[in-house]
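Written below as structure tokens is the structure these notes are about.
The values are calculated or read from the model by the stated rules, or taken from the named source; none is laboratory data. Since the structure is predicted, the reported quantities are computational estimates derived from the model, not experimental observations. FYI the Cβ positions are ideal-geometry reconstructions off the backbone, even for glycines, and counts take in every protein chain you see.
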Amino acid sequence: MKTNTIGPHDQLANRTRVRVGMKVGVVVDSKIVTAVPSGLIVVHTIEFTHRIVRWPARRFIELDRPIRLEVNYSGINVIQD
């Protein structure tokens with residue numbers, strides 16, 4: 001699984017597969033918000049469906065129910081198939 005990071009002004013399309021930390025999901029929405037102390041950034045709403053477990057071997061485990069969170073651009077890695 002290859003990933004790419006994004007910048008503060010990159011707005012991802014809906015249904016883009018992403019990884020944030022040890023969770024994997026898809027973008028369901030995005031919006032432009034005011035950054036502190038000034039400027040604008042894009043915040044994405046992501047629906048997480050799986051988590052990554054690295055021990056004893058790397059694998060994806062499906063979550064009991066999807067989790068939706070708003071995530072700052074700095075934590076998002078785009079998954080390239």
Of the criteria (1) in contact with a Ser or Thr (Cβ under 8 Å, 6 or more places away or on another chain); (2) of a type in the set (Val, Ile, Thr); (3) modelled with pLDDT under 95, which one residue 24 fails: (3)
Pairs, first free of Cβ contacts under 8 Å to residues at least 40 places away in the same chain in the range 34-61, second in a strand (DSSP E or B) and of a type in the set (Gly, Ala, Ser), C-beta under 6 Å, six or more apart: 42/30; 44/30; 46/25; 47/25; 48/25; 49/25
Which numbered condition residue 1 misses (of (1) closer than 19 Å to residue 65 by Cα; (2) of a type in the set (A, V, I, L, M, F, W, C); (3) modelled with pLDDT under 95): (1)
Among the candidates 60, 48, residue that is more than 15 Å from the chain's Cα centre (by Cα), under 20 Å from residue 4 (Cβ atoms) and of a type in the set (A, V, I, L, M, F, W, C): 60
Among (1) among the basic types (Lys, Arg); (2) in contact with a Phe, Trp or Tyr (Cβ under 9 Å, 6 or more places away or on another chain); (3) surrounded by 14 or more Cβ atoms within 10 Å (Cβ to Cβ) - the single one residue 19 does not satisfy: (2)
